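Structure first, then comments.
The values are calculated or read from the model by the stated rules, or taken from the named source; none is laboratory data. No experiment lies behind these values; they were computed from the predicted model shown. FYI the Cβ positions are ideal-geometry reconstructions off the backbone, even for glycines, and counts take in every protein chain you see. Just the protein is used for accessible areas: all its heavy atoms, side chains included, with ligands, DNA and RNA removed. Shrake-Rupley method; radii C 1.70, N 1.55, O 1.52, S 1.80 Å.
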Amino acid sequence: MAAFDQSDDLRGAQFTDVNLRGARFVRSDLSGAVMRAVDAAGADLDAPWLLEGGNTLRINGIDVVPFVEAELNRRFPGRADRRSGDPDGLRAAWAGLEGTWQATLDRAASMPPGTVDISVDGEWSFAQTLRHLVMATDTWLGRGILDIEQPYHPIGQPNAEYETDGYDLAVFSKKTPSYADVLEVRAGRAALVRDYLAVVTAADLSATRRSPWAPEMPVTVLSCLHTILNEEWEHLRYAVRDLDAIGAGFGT
């Protein structure tokens with residue numbers, strides 16, 4: 001089986017009469033790709049950034065992004081509020097999100113023992129997803145908004161490219177924590193966001209901070225909060241997707 005990674009530059013490549021059936025693209029840049037007369041039946045595309053910044057995805061000449069956005073908002077009530085721009089709206093958005101997450105946590109708890117540690121198709125397990133959200137909160141609230149130099153809890157789960165991007169993994173524990181510990185730390189981080197939103201003002205939202213990933217670039221407190229909300233909803237979507245798969249007997 002042929003395999004390509006970041007050392008292979010395929011920009012501008014042309015594939016004609018090529019069989020890509022069953023091919024898998026992970027963390028790959030397909031922006032601007034043009035496909036003509038292709039058989040895409042059964043294709044499964046997950047592009048979380050597609051719905052931001054006015055991007056388009058055309059299938060048979062129709063931009064499907066608005067349909068995808070509307071359907072996700074229908075499936076996840078409260079998701080549409082993730083871009084709220086005022087304190088009251090943000091507080092309501094977070095409250096709705098926490099309610100949905102609690103229902104999902106209850107669902108996971110009702111499933112057979114070990115469910116939270118199952119990886120579906122190589123993706124993070126439910127427990128790892130919660131750990132990543134701890135890391136995301138530490139990044140965007142701890143470092144981004146509160147300007148804490150080392151905000152990370154050892155239980156956090158960094159993104160796959162964290163080390164290859166030059167960041168130190170030493171701050172994160174190499175031992176797999178118990179699920180009870182994950183739930184405790186995750187609840188604490190959610191409370192930090194809730195408490196911050198309880199007192200945030202409109203003036204606070206427009207204040208600028210250093211981007212956690214690019215300190216030379218200014219970002220607003222509001223944009224940091226929007227990133228937290230986006231992270232939460234996207235990973236909730238992944239978690240629900242995988243719990244559905246596990247419930248149907250497709251966990252691996």
- Of all accessible heavy-atom area on the range 1-126, the percent that carbon and sulfur account for (1.4 Å): 53 percent
- Query: Of G166, H153, T100, whose Cα points farthest to the positive end of the dipole of the range 100-252 (charges on the beta-carbon: +1 Lys, Arg; -1 Asp, Glu; origin at the Cα centre)?
  - Reply: T100
- Note on the structure: The helix 65-75 Cα axis meets the longest alpha-carbon principal axis of the chain at an angle in degrees, between 0 and 90 and rounded to 10, of 50 degrees
- Item | Reciprocal of mean inverse Cα separation for the chain (Kirkwood radius, Å) | 20.3 Å
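Could you report the chain's accessible area per residue, 1.4 Å probe, as an integer in Å²?
63 Å²
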- Task: Evaluate the Kirkwood expression for the hydrodynamic radius of the range 1-92, namely the inverse of the mean inverse distance over all pairs of different C-alpha atoms, and round to one decimal in Å.
- Result: 16.5 Å
- Per-residue accessible area, 1.4 Å probe, largest first, puts I246, I145 in the order I246, I145
- Query: Out of residues 5 or more away from T220 or on other chains, whose amide H comes under 5 Å of its own, with H placed 1.01 Å from N in the peptide plane?
  - Reply: R209
- Could you give the dipole magnitude of the range 94-173 about its Cα centre, charging the beta-carbon of Lys and Arg +1 and that of Asp and Glu -1, in debye to the nearest 20? 300 debye
- Item | Crossing angle, helix 87-110 versus the chain [Cα axis fit, 0-90 degrees, rounded to tens] | 70 degrees
- Task: Quantify, in whole percent, the carbon and sulfur part of the accessible surface of the range 132-188 (1.4 Å probe; protein heavy atoms only).
- Result: 53 percent
- Task: Kindly express, to the nearest 10 degrees and within the range 0 to 90, the angle between helix 221-247's C-alpha long axis and the longest C-alpha principal axis of the chain.
- Result: 60 degrees
- Note on the structure: Low-density loop trypsin sites (Lys or Arg not before Pro), the range 17-58, at most 12 other Cβ within 10 Å, DSSP non-H/G/I/E/B, are R21, R24, R27, R36
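What's the magnitude of the charge dipole for the chain around its Cα centre, counting Lys and Arg as +1 and Asp and Glu as -1 at the beta-carbon? Answer in Debye, nearest 20.
Working: 24 positive and 37 negative charges, 78 e Å.
Value, rounded to 20: 380 debye.
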- Note on the structure: Among V199, P48, W124, the residue whose Cα sits farthest towards the positive end of the charge dipole of the chain, when +1 is placed on the Cβ of each Lys and Arg and -1 on the Cβ of each Asp and Glu, is V199
- Task: Please sort 224-237, 152-165, 118-131 by packing, taking for each peptide the average over its residues of neighbouring beta carbons within 10 angstrom, highest first.
- Result: 224-237, 118-131, 152-165
- How many angstrom separate the Cα center of the range 108-162 from the Cα center of the range 204-228? 21 Å
